[in-house]
Amino acid sequence: MMIYKINTGNFLKQLLKRMRPALLLVAIVALVYVYLMQFVDHALSWVPYIVIFLTFIKSGYFTFFTFRQVNKSIKQCHSFGQLLWIFGLLVMLIIFSYAADFTCLVAANPSSFKGFKPFESFNYFEYLFETFYFSVVTFAAIGYGDIVPITTPAKILVMMEIGQSFVLIVFGLSNINNIHTTIKNQ
C-alpha cells in the first residue's frame with residue numbers, strides 16, 4: 001500500500017492563485033452593485049435587463065474560464081478533501097454572486113419577488129443576506145416557496161442559477177471520477 005503525502009498549503013495557494021480572477025470578478029461586481037444601486041433610479045425599466053445581461057456574462061465566465069482553471073487544479077489534486085475545497089469555493093462564489101444579482105433586481109423592482117419584506121425596512125446588507133438565503137435555497141434546488149420570483153427578469157435569473165448549479169454538479173461528478181482514476185493509476 002502506497003501512502004501519498006499531500007502538501008495542502010501548496011495546493012490551497014495554487015487554487016487561490018488560479019481562482020483569483022473569479023474571486024476578483026465577484027468582488028468587483030458586488031462592490032459595483034452596492035455602489036451603483038445607491039445612485040440609480042430604480043424606477044427605470046431597463047435596470048433589470050442590465051442585471052440579467054451582467055449575470056449572463058458572469059455565468060459565461062464561470063462556465064468557461066473558471067471551470068477550465070479549476071479543471072487544471074483538479075489534475076494536480078490527489079485527495080477528496082482537496083476536491084471538496086475546490087467545489088466549496090466555487091459553490092460559494094456562485095451563490096454569493098447570484099445573491100448580489102437578486103438584491104439588485106429587488107432594488108430595481110420591489111415586486112420582482114414575493115416574500116421579501118419591503119426594501120425600505122432593511123439596509124442593503126440585510127437585504128443581501130435575505131437574497132443569499134434565497135440563492136442557497138435555489139442553488140440547492142430546495143425551493144421552500146417562501147420567496148418566489150414574480151417578474152420575467154426574476155424568473156430568468158432564477159433559471160440561470162439553477163442552470164449554473166446543474167452545470168457545476170455535472171462538472172463535479174465527472175471530476176470525482178477523474179480523481180479516483182488518477183489516484184488508482186498512480
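Between L173 and V137, what length in nm is gained on full extension when 0.36 nm per residue of separation is reduced by their alpha carbon distance?
That pair, L173 and V137, stretches by 10.9 nm at full extension.
Taking 7 Å along the Cα-to-C-beta vector as the label spot, tell me the M159-I57 distance in nanometres, rounded to one decimal.
So the label points at M159 and I57 sit 2.2 nm apart.
R0 = 22 Å: FRET efficiency of V148 with L84, Cβ-based, nearest 0.05?
Efficiency at R0 = 22 Å is approximately 0.10.
Where does each of M159, M19 land when they are ranked from fewest to most other beta-carbon atoms within 10 angstrom?
Arranged by neighbour count, lowest to highest, M159, M19 become M159, M19.
Rule-based calculations on the coordinates, nothing more; no lab input. Quantities reported herein were computed from a predicted structural model and do not represent experimental measurements. Neighbour counts are summed over all protein chains in view; Cβ atoms, including those assigned to glycine, are modelled from backbone coordinates with ideal geometry.
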